[in-house]
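Heads up: the structure comes next, in structure tokens.
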Amino acid sequence: MAPWPEVEKPETNNYIGDPSKQNQNMAGKEGENHKAGNVSSLGNKGEIQPAFSTIALIDEPRPEEEDPWALPELQDTGVKWSELDRKGKIIRVLYGIGKFIMLLGLLYMFVCSLDVLSSAFQLVGGKAAGDIFKDDSVLSNPVAGLVIGVLVTVMVQSSSTSSSIIVSMVSSTLLTVRAAIPIIMGANIGTSVTNTIVALMQAGDRNEFRRAFAAATIHDFFNWLAVFALLPIEVISGYLFHLTNVIVESFHLESGEDAPELLKVITDPFTKLIIELDKSVINAIATNDESAKNKSLVKVWCVTETNVTLQNVTVPLPENCTSADFCWTDGNMTWTLQNVTETDYISKCQHLFANSDLPDLAIGLILLALSLLVLCSCLIMIVKLLNSVLKGQVASVIKKTINTDFPFPFTWLAGYLAMLAGAGMTFIVQSSSVFTSAITPLVGIGVISIERSYPLTLGANIGTTTTAILAALASPGSTLKYSLQIALCHFFFNVSGIILFYPLPFTRLPIRMSKTLGNITSQYRWFAIFYLLVCFFLLPLFVFGLSLAGWPVLLGVCLPLLALFIAVVVINVMQKRRPHSLPEKLQNWDFLPVWMHSLEPWDNMLMASLAFCGKHCCGFCKCCKVNAEQEGAKDKQLKTTEVYENTMAMADEERGGRRAPAAASVDKTGTNNTAL
């Protein structure tokens, strides 16, 4: 035991007072501890007894808990620019230029892999998506139309493809515009699955994954909330249909030039070397063209020429002649003149699978695996490169530019400017999925805050609808009206959602919901995959299956489940804010089994099953053993170096109880110079 420190000028307010009083107090406390039976005798009578708690002797403020959502400081650990010589400065500039070129190359490959991923999904599920659209009796149900829009967009990984199918069906009178509106809402939800998949690639670091997954799912929550609020209003009043119909009817529209495809001009030369698809096959299947079922989605002939000639053809009966003037018989055969369309195949495509005999499913699975591999690799390297570039002064400038608000009277203006920036960038890249997938890793590494990513995402929703409007204006005359009305429905749906869930701070529910989900997934990372499967596959499939059984079954099952879900959400909110307003039993969920209100049992079960599987897998087992040995060695090292001067903490540890607070323990370095 080290001696007590000497105090040169003792005062009345010092921590160490009269030694006799101190000994008396300690003796009294020692007697109380003997009565309680907590600890044994601490020494002989003449010895100075140690303090039972250092809290009274150390007046230090407790360290505040770090906010997990605070943006991290990206420190520059390299040599300062002023300390470099001329050669070092030239090398650093060249390194910076090289990193910038590499970043552009990785972004290019990232966007191309997203394009190939969309093609792969269309090859795997495109024909199934067309078959889903065939059942017009189901599509007349708005709830079924909503989940069909989600499923089809997830299958083809493109809301523009879903929209083009819907336009084809509407123009061929297989579907009304009013019945198509819920499908457009579902397509708006399905397109947000891409950046949620991208966020999974940052699961290696808990804090990065928390921010990245929240940034990805903020898009999901906005779309789901907008649908829950606006779909009933649309079913009852039809406000989107009537508003867009007035706009379309008030203009005399003519078919225009093709819409600009700014990003496609850059990416198409590369992606067309990998795969080209004939998307008209999906449209033909959706419009009940039986001959399209046997066609392949893989485009083989890229240059064709169609000729229409008037030829003599045979018909079964004279009634089948095109005209009585052009109908004659020759023996037992009846002839007539008829326009015959012939297609001349001039040049084959140059992509990898132009001469392949593989079925569409096999090609789709190959491209799916390759595109996901390239996507993950590019994303990991982009994050590493951004971490190396965005340090020190550069990071602080970017953070201030993106995340800083305007002074007080105009604080609200920054969010709307971010919304305009998101819309403009989405218009340039021609895809909301590409833009939101690009900002997800930036939020993960801490360059953009969650609060700022929300208006950027809303702007991306607006930007993708303006692109659809321009594409609709370039449609042929037969589909111009319907395609423009559907694009306007998509635009006003997103605008209505923004009016509901952005202007007032307390209405920005997606931010709070995504942060809650981010906290959960950072602790239980497997929950991210569970969320992805449930929200984009299992739940839409479940509702679609019920809708096939009819309205009575759908309402009889979904209404009680929806009421239960709303009740649980309300009770959870009241438990946090006004628990005393609830009955005593409902103030917490402890009356339920643990597995019903905690993810801990599920996590334990999942980890146990993975550990069991790991024992039968050599590579995985070795990795687990190495990690377990490292963790065990760290724990042992910590335990051997911890020294306690607090006898209460020693007694608690002997009983297996809880360790004393950090403020009550001394510096855990193995040495101690004073009693403090």
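The values are calculated or read from the model by the stated rules, or taken from the named source; none is laboratory data. Since we're looking at a predicted model, the values are computed, not measured. No Cβ is skipped: glycine too gets one built from the backbone with ideal geometry, and neighbour counts run over all protein chains shown. Ligands, DNA and RNA are excluded from the accessible area calculation, which covers all protein heavy atoms including side chains. Shrake-Rupley method; radii C 1.70, N 1.55, O 1.52, S 1.80 Å.
Ligands, DNA and RNA excluded, the heavy atoms of residue 376 present near 30 Å² of accessible surface to a 1.4 Å solvent probe. Taking 0.36 nm per residue of sequence separation and removing the Cα-Cα distance, the residue 228/residue 592 pair yields an extension gain of 128.1 nm.
For the pair residue 567 and residue 599, a Förster radius of 22 Å applied to the C-beta separation gives a FRET efficiency near 0.60, rounded to the nearest 0.05.
Annotation: per residue accessible area for region 550-612 equals 78 Å², rounded to a whole number [probe 1.4 Å, protein chains only]. Phi angles of region 580-585 translate, via the Karplus equation with coefficients 6.51, -1.76, 1.60 and θ = phi - 60°, into HN-Hα couplings of 6, 7, 8, x, 4, 5 Hz per residue; Gly and Pro are given as x. Computed from phi, the 3J(HN,Hα) profile of region 236-244 under the Karplus parametrisation 6.51, -1.76, 1.60 (θ = phi - 60°) reads 6, 9, x, 5, 5, 5, 5, 5, 5 Hz, with x in place of Gly and Pro. For residue 298, the amide hydrogen comes within under 5 Å of the amide hydrogens of 278, counting only partners 5 or more places away or on other chains and with H modelled in the peptide plane. For region 586-594, backbone phi angles converted through the Karplus equation (6.51, -1.76, 1.60; θ = phi - 60°) give residue-by-residue couplings of 8, 6, 8, 9, 5, 6, 8, x, 4 Hz, Gly and Pro being listed as x.
Between the residues 550, 608, 596, the greatest Cα displacement towards the positive end of the dipole of region 550-612, with unit charges on the Cβ of Lys, Arg, Asp and Glu, is found for 550. Across every pair of non-identical alpha carbons in region 276-348, the mean reciprocal distance, once inverted, gives a Kirkwood radius of 15.1 Å. Counting pairwise Cα distances across region 550-612, what percent come out greater than 14 angstrom? Value for region 550-612 (Cα pairs over 14 Å): 71 percent. Distance between the modelled labels on residue 585 and residue 313, one decimal in nanometres: 7.7 nm (7 Å Cα→Cβ projection).
Spin-label model, residue 302/residue 342: points 7 Å from Cα along the beta carbon direction are separated by 2.6 nm. The calculated FRET efficiency for residue 403 paired with residue 355, based on their beta-carbon distance and R0 = 56 Å, is about 0.60. Between amide H atoms placed 1.01 Å from N, distances below 5 Å from residue 334 occur with 315, all of them 5 or more places distant or on a separate chain. On the beta carbon distance between residue 268 and residue 384, with R0 = 25 Å, the FRET formula returns roughly 0.30. Kirkwood's formula applied to the C-alpha pairs of region 140-216 gives a hydrodynamic radius of 13.5 angstrom.
Using the heavy atoms of the protein chains alone and a 1.4 angstrom probe, what is the accessible area of region 276-348 per residue in square angstrom?
Heavy-atom accessible area per residue stands at 68 Å².
Could you please state, rounded to a whole Å, how far the C-alpha centre of region 571-604 is from the C-alpha centre of region 183-198? That distance is 32 Å. Output the pairs from 80/384; 481/515; 279/515; 348/481 with a Cα-Cα distance over 31 Å in this structure; if there are none, say none. Among 80/384; 481/515; 279/515; 348/481, the Cα-Cα distance tops 31 Å for 481/515; 279/515; 348/481. In the context of the full protein assembly, residue 102 retains an accessible surface of approximately 110 Å², using a probe radius of 1.4 Å and ignoring ligands and nucleic acids.
The largest accessible area among 224, 526 belongs to the first residue in 526, 224, and the rest follow in falling order (1.4 Å probe, all chains). The dipole here belongs to region 550-612: it is taken about the Cα centre, uses +1 on the Cβ of Lys and Arg and -1 on the Cβ of Asp and Glu, and is about 300 debye.
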